[in-house]
1. Do we have any residue at all in the range A:346-355 that's exposed (fewer than 14 other Cβ atoms within 10 Å of the Cβ), farther than 30 Å from residue A:163 by Cα and within 14 Å of chain B (Cβ to nearest Cβ)?
2. Kindly evaluate residue A:309 against the criterion of being modelled with pLDDT of 90 or more and closer than 25 Å to residue A:368 by Cβ.
3. Mind listing whichever residues of the range B:176-224 are assigned to a helix (DSSP H, G or I) and farther than 21 Å from residue B:381 by Cα?
4. Could you please find all residues in the range A:116-144 being more than 13 Å from the chain's Cα centre (by Cα) and under 20 Å from residue A:191 (Cβ atoms)?
5. Give the number of residues within the range A:40-63 that are farther than 26 Å from residue A:121 by Cα and more than 9 Å from chain B (Cβ to nearest Cβ).
6. Could you look through the range B:373-407, keep only residues that are at pLDDT below 95 and more than 7 Å from chain A (Cβ to nearest Cβ), and pick out the one that is farthest from residue B:201 (Cα to Cα)?
7. Pull out all pairs, ordered by first then second residue, where Cβ-Cβ is under 9 Å, the residues are six or more apart or on different chains, the first lies in the range B:182-194 and is not assigned by TED's automatic domain parsing to the domain that holds residue B:378, and the second is at pLDDT 95 or above and not in a helix (DSSP H, G or I).
8. In the range B:344-366, what count of residues is obtained for those that are over 20 Å from the mean Cα position of the chain (by Cα) and part of a loop (DSSP other than H, G, I, E, B)?
């Protein structure tokens, strides 16, 4: 194993998570231990910061500062939605070369993995030794190869705690409640709302993910059925739910605004929730129908992290630095689930993670397409860890005196 | 002081809070210590449960169960939005009389205080000894006499942690972010978003409450100004913001659905947020504008309570039971702030809290009407207590090599 002397560059891209800083801090603290690392740089605002040379010297941060940042949600190095074109990737390589960067770590989703892949190729073509590591993160849990993504567990914990609370609220003041959760193509995060259930009649009673076809007719019928049974109904729904033709339900009603990647804007609007509650109001005779969109808070809420997720996010960064600096390897850091429950970290080639996203496997969704299976709960529970305890009053009924027709 | 032998009845009304169960458990645990208390009953679904004799025997609950319920958000005895008419209050009294209830505790807002007042009058008229205690709760903090309301501190903590996270998110991926917070007439909860600020440029940069007149023109001008300064802008806005004529901005756009109390539906819809973000999109050339409505999650989120609030909520219940059972008094339990910071509990006559709500005093809102003052922060800080720590990366900039025009 050769030990190339040079600088480290670390950056973060895409949507923030609650533990994304654990990963970059894992890279930095590990990198600072290696003799051949002359400096550890951070780019501000991801690849945008690299091409603009908006770099900071993380060799000069204190450990206390880094540890505090590690516990801070959202990208501490700031992020970007810039689409990594080939020209941009070439520019990234040029900046690395100019600054003597020999180890580049990019923390992000499948777009970021693709950036890593292209930058790596550019360096190879130029005969410049540049180790490139993709450090995975996403709340959507839609990366290939890895068992799950750092960031997903903490967002799931937020969603589960939100629905546990909403379930208690809805039990106290009955009605239909619809909660819209992030997830354009993958329903993993929405599915985590099922963790909120404790008692047999707890919600969410219906869970709709983009992987199952969503129809207005079935939705209204489902809600009616649950409401008839429990006198209330809680629905968890992905922002990306799709009709039989694969078109996003929301896309047909949000006015068509597109984000920088050419996708319709799904988050940051209450349109889908209001649409669905309108359907229930019009299609049933249920009086109280409410919809909330969990929005940006679910990915950045201060003070709600899964401890397992936090630790794993740190480790993917640390392992990434060990693979690249200690072993001169490129790749994306991935996790393999072993036993019940332990994680083994390994490197997978960048192209295996780049660009394409993954979806919830069929075995995690029930046949009707309105709930998750126990197999999913087994999958997600160790990633999220324990939730705060909640309990109902356990007391016997008092015999009525004035009214005789009590059941 | 006479000691009337008889039963205790406790119930909860109105919107849930994160600590409302601390209060009812405080009543129950204290009541069970008194010899003249023969049984401790709870009504399910507030006054609705009382008139339907839907009662449970809390004498038969375990202490472990009660303590677990105390730590559970949302009304453990379930709640109601039933308007307490005179006929209903008469029925409540009849049920108390039939069951030998001598101590009635009702946990709720100003409507619940009014229920207590009327039930008390009915008992007096009938010459039946019935002690009635209103135990305060509201996330809106809009009760008269008391320094603040149990439930407010925990909801404020949620709002502050949500905005702290959103601020970090918005700093990583810049744009305009609008967060809509509960509060029909009182802006206390929205104002608490100011606690999210740590660094000088942290958001929320603009805070709009119902107590200050809201105009579209001023709003757009405010956002433009902040955006020009920071390249981003976070807005915290009450669902109940009003125009110069005192009409809710949301009321003009939600389709006019009314709740059981004849008020326009403000919560459970993303309409106001989408309206405001539409105004900014149309009135400025800012590309990325997002709006979230914090919705029901802010009042019931599992696992976010202020420790001070939790303790005070327990104490108002416990003190209420001591006042009524130990001292044979009626009234609403109120808190007086002394020193920096301690609370003294006292009873205030029911009519002083009933019906009318209170608002944010002028001294808590800045002159322009788009922010809170330091006086408000001094008021709210001890109620919410410490927030999770968060920090930015502190590292020096690296001198650019390729681009020379860097600042």
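1. no
2. Taking the combined requirement at face value, the residue does not satisfy it.
3. Correct list: B:216, B:217, B:218, B:219, B:220, B:221, B:222, B:223, B:224.
4. Scanning the range A:116-144 gives a single hit, A:144.
5. Number satisfying all stated conditions: 1.
6. B:404
7. Going by the 9 Å Cβ cut-off, there are no qualifying pairs.
8. So the answer is 2.
The values are calculated or read from the model by the stated rules, or taken from the named source; none is laboratory data. Everything numeric here is computed off the predicted structure, so don't read it as measured data. Positions of Cβ are generated from backbone atoms using ideal geometry, with glycine treated the same way; all protein chains shown enter the neighbour counts.
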